[in-house]
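For reference, the structure discussed in these notes is given below.
The values are calculated or read from the model by the stated rules, or taken from the named source; none is laboratory data. The structure presented is a predicted model; accordingly, all values stated were derived computationally and were not measured. Methodologically, a virtual Cβ is constructed for each residue, glycine included, from the backbone with ideal geometry; neighbour enumeration extends over all protein chains shown.
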2 protein chains.
Amino acid sequence: MQNKRWVLASRPSGWLTEENFRLETPPVGAPREGEVLVKNLWLSLDPYMRGRMNAAKSYVKPVEIGELMVGQTAGEVLESKHPAFAKGDSVLTGLGWQLFGCAKGDALNKVDAKRAPLSYYLGCLGMPGMTAYFGLKEIGQPKSGDTVVVSAASGAVGSVVGQLAKLWGCRAVGIAGGSAKCDYVTRELGFDACVDYKAGNLLRDLEAACPKGVDVYFENVGGAVLDTVLRVMNVSSRIVLCGMVADYNATEPYGVKTLRSVLSNRIRMQGMIVFDWKDRYVEAIKALAGYLAQGKLKYRESVIEGLENAPRGLIGLLKGENFGKQLVKLA
Amino acid sequence: MQNKRWVLASRPSGWLTEENFRLETPPVGAPREGEVLVKNLWLSLDPYMRGRMNAAKSYVKPVEIGELMVGQTAGEVLESKHPAFAKGDSVLTGLGWQLFGCAKGDALNKVDAKRAPLSYYLGCLGMPGMTAYFGLKEIGQPKSGDTVVVSAASGAVGSVVGQLAKLWGCRAVGIAGGSAKCDYVTRELGFDACVDYKAGNLLRDLEAACPKGVDVYFENVGGAVLDTVLRVMNVSSRIVLCGMVADYNATEPYGVKTLRSVLSNRIRMQGMIVFDWKDRYVEAIKALAGYLAQGKLKYRESVIEGLENAPRGLIGLLKGENFGKQLVKLA
């Protein structure tokens, strides 16, 4: 049986291109004792992947040239040499950009594909959903009546942030690129307002959408957007620094000029990564699955067919071309 | 009796000049019912004053053109029409850049000039000392063994921050301009190390002074110094954003390019102003006076003689020419 896998061919300088990836077709390996052979069905594409392609350490070590591209997948057990897994089980894996792979049992998580579609465990019930949940709840600490602003509002994380803000009694304001995304954010997801950063009047439009200023800002983008939102933050407000996608492809990082607002408004700005709450994942999944079952959490996927198209999908994601959680359907 | 007072003549653009101030000599007013006439003995010069000279709101409203320059003073009661104050009392006031002034009793604080020299209540036992105390303790939250870095380390706030860090079991590393200040910080104040930012190798020298990285950074300066320190911060570290003097005279604020460190290291950065702890001032003064009495808190003043020289003193302070807490001796 033949595998397909994408490896890092070269480190990108600035914008990622398809030439930075190389497709390989080695044979599928057999599981050793304690391992499980998985057929990947869904690959999640996420902005953090761009960081892992640089030589510099971000959260963790970079992908080396010639190594398999990292990523989370959802799949099905084909063969198990681990007592906790059986053929046919649905699992979440870190097997990366490939069709098949062997993983140690303790690197896999079984999921209940009857409670929600399998792909949801890569999105609103997975890392993005839990990132929204813990970031907003624990760092944003929104109070009822607060104005919560989130960038990349139609994305996997942002869409959940705004809906949780509404469920928790706040005014939810999104920032997104283009009127189609903004319409989706307000009409489908139920945000109170959404500002189109591509319209060219971000400051004025934000001020209009946030007449009482901003109490919590959930940042997925960074760069010029952060520089602008800092100008409308309230005294004692909070910024959840979750992503800075705008910088990931920049050869020279953006210089943030309005940081003085953090001083004069006594803002608390904190960086986050969802792994810091790994002993509380069950709490988040339970809450999110509950909202989903009650129809209170809407969720949209942007699906690309075929592993061959994964590089194109990541490039599009980093350019904001996706609309909802970006996935690659592998089978 | 004739007063002397400095008013704002014009708003500075970029660097402050003496032409931005005008000296006036109106008669001294008489206290009304509930007021106290004070002879100012010491005027405190502080970086925040530069912000108040701009038209834009910082913490509070700006000084208007033609208005008295704001500032804290320590003085002596000449005449009281308030039951809580008597002639001869030592008081802290917000009477600003003038020799005499009338204030309502509830705008004054009596201090014990026997416990410490009167001027100390404008420094290590006043706003700067309490800023150091609450900022480090409540936002920095240093643990024993942590590395604490503070900029403007020989200044009124920084000198107390580093000494408290040592008293609380941390490694204290200062950043200061020039070898004389650095020598003072290590030899007199007892910091473990002090890096001269003017020497041109701030990153390399910081790395050498902080072999285990930085757990708490107490920021008084901002700009390029902040951009550099962000590169050596540890995971889960804290930044106390207390001052950004480097920006106060800039026509174009510095663009901070390493903010991604806040994300990847999950740093908590928080702006502060000491007024947020006003109901706990007694705790801070008690602790600081205790350390001072035990000889564990060293403190240095930079004294300019005469109200006439106050503008020159503020300009020098903003350029880092002072060495220790900057005061103007008024009588």
Among (1) part of a loop (DSSP other than H, G, I, E, B); (2) surrounded by 13 or more Cβ atoms within 10 Å (Cβ to Cβ); (3) more than 14 Å from chain B (Cβ to nearest Cβ) - the single one A:L78 does not satisfy = (1)
When only residues in region B:1-49 that are part of a loop (DSSP other than H, G, I, E, B), of a type outside the set (A, V, I, L, M, F, W, C) and closer than 19 Å to B:L318 by Cα count, which is modelled with the lowest pLDDT?
-> B:G14
Considering (1) out of contact with any Ser or Thr (no Cβ under 7 Å at 6 or more places or on another chain); (2) within 11 Å of chain A (Cβ to nearest Cβ), say which one B:A310 fails and leave the rest.
-> (2)
Take region A:195-232 and flag every residue that is part of a strand (DSSP E or B), out of contact with any Asp or Glu (no Cβ under 8 Å at 6 or more places or on another chain) and more than 14 Å from chain B (Cβ to nearest Cβ).
-> A:V214
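Quick check on region A:257-282: of everything there that is within 19 Å of the chain's Cα centre (by Cα) and among the charged types (D, E, K, R), which residue is nearest to the other protein chains (Cβ to nearest Cβ)?
Looking at the filtered set, the residue picked out is A:D276.
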Got a sec? Which of B:K114, B:K137, B:K61, B:K87 is outside the structural domain of B:F21 (by TED's automatic domain parsing), free of Cβ contacts under 8 Å to residues at least 40 places away in the same chain and either surrounded by fewer than 19 Cβ atoms within 10 Å (Cβ to Cβ) or outside any helix (DSSP H, G or I) (or both)?
-> B:K137
Counting only residues that are in a loop (DSSP other than H, G, I, E, B), of a type outside the set (D, E) and at pLDDT below 95, which one in region A:233-253 is nearest to the chain's Cα centre (by Cα)?
-> A:G243
Go through the residues of region A:317-330 one by one and say whether even a single one is in a helix (DSSP H, G or I), crowded, with 18+ Cβ neighbours inside 10 Å and not assigned by TED's automatic domain parsing to the domain that holds A:I175.
-> yes
How about region A:292-303: which of its residues are crowded, with 18+ Cβ neighbours inside 10 Å and over 16 Å from the mean Cα position of the chain (by Cα)?
-> A:L292, A:L297
Within region A:244-255, track down each residue that is facing another protein chain (nearest Cβ under 7 Å) and either small (G, A, S) or buried (at least 23 other Cβ atoms within 10 Å of the Cβ) (or both).
-> A:M244, A:G255
Residue hits (region A:90-106; small (G, A, S) and surrounded by 14 or more Cβ atoms within 10 Å (Cβ to Cβ)) are A:S90, A:G96, A:G101, A:A103, A:G105
Would you pick out the residues in region B:50-75 that are more than 14 Å from chain A (Cβ to nearest Cβ) and touching a helix residue (DSSP H, G or I) at 6+ places or on another chain (Cβ under 9 Å)?
-> B:M53, B:V63, B:M69, B:V70, B:G71, B:Q72, B:T73, B:A74, B:G75
